[in-house]
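The values are calculated or read from the model by the stated rules, or taken from the named source; none is laboratory data. What you are looking at is a predicted structure, and each value in this text was computed from that prediction instead of being measured. Ligands, DNA and RNA are excluded from the accessible area calculation, which covers all protein heavy atoms including side chains. Shrake-Rupley method; radii C 1.70, N 1.55, O 1.52, S 1.80 Å.
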Amino acid sequence: MIIDKIAVILVAIILTIYLAVIYIKKQVAENLLILSLLSFSMGVYIPFTIYRTEIPIYIHIPVLIFGLLIPFIFVLLQYNNIIVSSKILYRNAKKLYNKGKYEVAIKELVKLIDTNKKKSEYYYLLGKCYEGLNEYSYARDSFATAVEINKEDYMSYYELGKVLDATDKRESAVIMFDKALKLCPEMYEAYEALGICLTNQQKYNEAIKVYKDAIKHYDSSYEIYYNLAVLETKMQKYDDAKADFKKVIELNPDLYVAHYNLANIEYLKGDYDSAIEAYKKVITTTNYSDKAYYKIAMIYAIKKEYEKAMTVIEYLIELNPEYIDIISEEFIFSSMRDKINNFLFTRAKTLLKEKEETNLMSDTYSNSVLENNKSKNKEKKNKKPNILNSKLL
C-alpha cells in the first residue's frame, strides 16, 4: 500500500534528521554509515511509491531491517546516552578542555573511563583538566595512573613532573622529567622544566649538564643558551658564560638583557673597555639605561678617569635622581667624593632657585588675577543701572 511506503519514508526522514544533527553536534562518525543506510532505504521506497509499485518481500525485509530498524536502535541508544563510542566521548572531552570547560570535560572523561577500557590518554587528559582547575592532588593521581597503564607515556611523565615541581616535590619531579627525556630525548619542554627544577634546588652543575644536552637537539634556541649562560655566571665560569651570551645575542640581537649580562661578565673579568662598549649597547633601552650608566661610571672611577666618571654621574642623576643615595654610598666613588658633593650642592641650589622663581611667578600671576577681579567688581558697583531697560522689564 502507498500509505505504508509514505509512512516508511517519513520515519526515514525523521531518523536522518536526528542522526545528522547528532553527527554535527558530537561528531559521531558511526552515524555516517547509518545515514547511508537510511539514504538507501529512501532511495528504494521513493521510486516504488511514485510509481505505486509493490515492493518484493526479499527487498522489503532487508530494507526495513538495515534501513529503519538498525537506525532506529542507534537513535534510541544515542538519545538515552546508552551507547556512544569511546572515540566520540574522548573527542568531545578534548574539545571541552580546549575551550577551558574543565569541569564538564572531567564529567565526560569519568563517564568514558567508567564505561570503556581504561587508557593512558584518558587519564592524561583528565590530569590536564584537573591541572587547569589547580587541583594538583587529583592531577597528580591522574598522571600517575596514566604512566602506570602505559610505561611509554612520556607526556604523562612530563606533566607529573610539573605537578610535583609545583607542589615542592622537586626531587621526585626530577625523576619524572628524566623518565620523559629517556623516552623522548628531543622533548624541549622536559629539558627546560628539568633545568629550572634543578636550578631551584641550587644543583647548578647538574642543570648546566641538562642544558648542554638540550643544545645537542636545539642549537638554535636562545632561551637554552641564555639559561646556560646565567648558570655559568653563577658558577664563575666566565669564559663559558661569555661565549654563550654571545650566542644568545647572535640568535636574538634584540634581547637586551643578554647584552647587559655580557657587559657584566666583561666587568667581572676586568676587561673594562669591552664592558663599556657592551653597556653602551643598552643605554638607550628603558629597562637597562640607568644600570648601564651607573656601571660605566664605576668603571671610569676604577680606571681613575674621574672627569669621565663625573660626566656620566651628572647625566645619570639628571636621568634618575634616585641614584643620588646609591652613588653616595658606593665605595668606588670615594676618591671623587668632593666632586660629587660639590655637584650635588650646586644642583640643589639650582633646583631651589628654580623652585623659588616658579613660586614667585605663580604668586605674581595670582596677585595679578586677584587685582584684576577686584577692579572688575569695583566697576560693576560704580556702574549706573539702565533705567530704560528696567522700565521695560
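Over the chain, accessible surface divided per residue gives 61 Å², non-protein components excluded, 1.4 Å probe. Note on surface exposure: K216, K111, K281 rank K216, K281, K111 by accessible area, highest first, 1.4 Å probe. D219 contributes an accessible area of around 90 Å² to the protein surface, as traced by a 1.4 Å probe with all chains present. Relative to the first principal axis of the alpha-carbon coordinates of the chain, what is the inclination of helix 120-132, with its axis defined by its Cα atoms, in degrees from 0 to 90 and to the nearest 10? Rounded to the nearest ten degrees, it is 40. The candidate values are (i) 74, 46, 18; (ii) 35, 27, 17; (iii) 33, 25, 20; the one derived from this structure for semi-axes √(5λ) of the Cα gyration tensor in Å carries the label (i). If you roll a 1.4 angstrom probe over the protein chains with everything in place, what fraction of the accessible area of the range 235-289 belongs to carbon and sulfur, to the nearest %? It is 44 percent, rounded to a whole number. These residues, D271, D153, D254, go from largest to smallest accessible area, 1.4 Å probe, as D254, D271, D153. Computed with a 1.4 Å probe over protein heavy atoms only, the accessible area of F343 comes to about 40 Å².
Stick to Cα atoms and the Kirkwood definition of Rh, then tell me Rg/Rh for the range 250-365. Present the calculation step by step, with values, prior to reporting the outcome.
On the way: Rg = 17.3 Å, Rh = 15.7 Å.
Looking at the range 250-365, the ratio lands at 1.10.
Derived from the Cα gyration tensor, the three semi-axes of the equivalent ellipsoid of the range 164-204 are 17, 11, 8 Å, largest first.
Calculate for the chain the 222 nm mean residue ellipticity that helices alone would give, adding -39,500 (n - 2.57) per DSSP H run of length 4 or more and normalising by residue count, nearest 500 deg cm²/dmol. Please list the in-between numbers first.
Details: 21 runs with 309 residues, N = 393.
It lands at -25500 deg cm²/dmol.
Solvent-accessible area of the range 43-180 (1.4 angstrom probe, protein heavy atoms only): carbon and sulfur portion equals 58 percent. In the complete set of protein chains, residue-level accessible area for R337 is approximately 50 Å², probe 1.4 angstrom.
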